[in-house]
Amino acid sequence: MADSTDSRPIGMLDSGVGGLSVLREVRQLLPSESVIYVGDQGHLPYGPRPREEIRSFVSGIIQFLLDQNCKLIVIPCNAACAAALHYARTAFPAIPIVGMEPAIKPAAEHTKTGVIGVITTKATYQGELFASVLDRFANGIQVETQVCPELVLLVEQGAPDTPQSQAIVAGYLDPLKATGIDELVLGCTHFPFLDKQIRAQLGSDIEIIDPAPAVARQLGRVLAQRQLAHPAGAVGQVRYLTTGDADHMRFLIKTLLHEAEPAVEAVQWHNDRSIEVVRNPV
Ligand code: DGL
């Protein structure tokens, strides 16, 4: 097989900072890859929005990422994948798109009680992808699902470790725990940033499944198969952009990823659902 040498960046998109939980795994596994990350914080949260609307946001961002010369797109956002993964692959057939689905499969394989929990958002819960995952992997397993919109908002505030945020986490998780789950699937990429609070609520006997490492491995496989991997040895760069407030995004990257001085560019939506950079890095 010929050596693959493609130094173009990978494009990633999420409604906000949730996809950073996947980005940090990608950085670890594939450090020579460069990434352009777009958080659509101007439209956050995606979870309560209709499918058509999420599709138009996802298309606009993918077009922008293609204009930035991205070689592949990753959608590290369950809600965006639920609403738009299939659609995006049809609309942009020339570019490989790596998506994600709730990690019911490993949970169903590991459970001993036969009861697994899923925390997610409305768009993911109501999407066809979730129904299909249940169909494929949850036969004979009891799946208890909790839609947790406030957890997305907590992470967008920096995932504060306070009694108030713990009480919000408890409000969602205590009823799930009472059903006898021994596996909890994080069905939203924001939630790994609440791992401390979630663990505190669940105790040590319930396994928490974060799909981010599996998404990073899948990305590595697709890059290799398509001969798109960056030559090893280089140090990849990350470009952060937000459709929301660049200073707030910068605060979140510092808080959640512990990056010292991330540069964040502001981008703006136009009425035709295209986006462009309006402010250089802060
Ligand atoms: N990070 C998201 C997900 O994985 C989006 C949450 C939202 O915007 O509601 O679903």
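The values are calculated or read from the model by the stated rules, or taken from the named source; none is laboratory data. Everything numeric here is computed off the predicted structure, so don't read it as measured data. Reconstructed Cβ throughout: ideal geometry from the backbone, glycine too, with neighbour counts over all protein chains shown. The area values use the complete protein model at the heavy-atom level, side chains included, leaving out ligands, DNA and RNA. Shrake-Rupley method; radii C 1.70, N 1.55, O 1.52, S 1.80 Å.
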task: Identify all lysines with a Cα-Cα distance to Lys196 below 23 Å; exclude those on the same chain that are fewer than 8 residues away in sequence.
output: Lys177, Lys254
- request: Tell me which residues come under 5 Å, amide H to amide H, from Val264 once H is placed; ignore anything under 5 positions away on its chain.
  value: Val282
Calculated from backbone phi, Karplus (6.51, -1.76, 1.60) coupling profile of the stretch 7-21 in Hz, x at Gly/Pro: 8, 5, x, 9, x, 10, 9, 8, 5, x, 9, x, x, 5, 5
- prompt: Considering amide H positions built from the backbone, and no H for Pro or chain starts, which residues 5 or more places from Val35, or on another chain, come under 5 Å of its amide H?
  reply: Ile10, Gln237, Val238, Arg239
query: Under a GNM of the chain (C-alpha, springs under 10 Å), which listed residue has the highest mean-square fluctuation: Arg51, Arg27, Arg199?
result: Arg199
field: In Å, descending, principal axis extents of the Cα set of the chain
entry: 49, 44, 38
- prompt: Contour minus end-to-end for Arg89 and Asp247, with contour as 0.36 nm per residue of separation and end-to-end as the Cα-Cα distance?
  reply: 53.6 nm
- prompt: At 222 nm, what helix-only mean residue ellipticity would the chain give, in deg cm²/dmol to the nearest 500, using -39500 (n - 2.57) for each DSSP H run of four or more?
  reply: -13000 deg cm²/dmol
- request: Just add up the charged neighbours of Glu109: K/R +1, D/E -1, any other residue whose Cβ is under 14 Å from the Cβ of Glu109.
  value: 0
Integer Hz, Karplus 6.51/-1.76/1.60 couplings in order for the stretch 128-145, x for Gly and Pro: 5, 4, 5, 4, 5, 5, 4, 4, 6, 10, 10, 5, x, 10, 8, 10, 9, 10
query: How much length is gained on full extension from Glu53 to Gln157, taking 0.36 nm per residue of separation minus their Cα-Cα distance?
result: 35.0 nm
- prompt: How large is ³J(HN,Hα) for each residue in the stretch 29-46, as worked out from phi by the Karplus curve 6.51 cos²θ - 1.76 cosθ + 1.60 (θ = phi - 60°), to whole Hz, x for Gly and Pro?
  reply: 7, 10, x, 8, 7, 8, 9, 10, 10, 10, x, 8, 5, x, 10, 5, x, 7
query: Carbon and sulfur atoms: what percent of the 1.4 Å accessible area of the stretch 75-197 do they account for?
result: 54
- request: Would you check the accessible area of Lys177, probe 1.4 Å, heavy atoms only, in square angstrom rounded to 10?
  value: 90
statement: Sorted by chain and then number, the residues having a modelled amide H within less than 5 Å of the amide H of Val118, at least 5 places away or on another chain, are Glu144, Thr145, Gln146, Val185
query: In nm², what is the average projected area of the convex hull enclosing the Cα atoms of the stretch 1-151?
result: 10.5
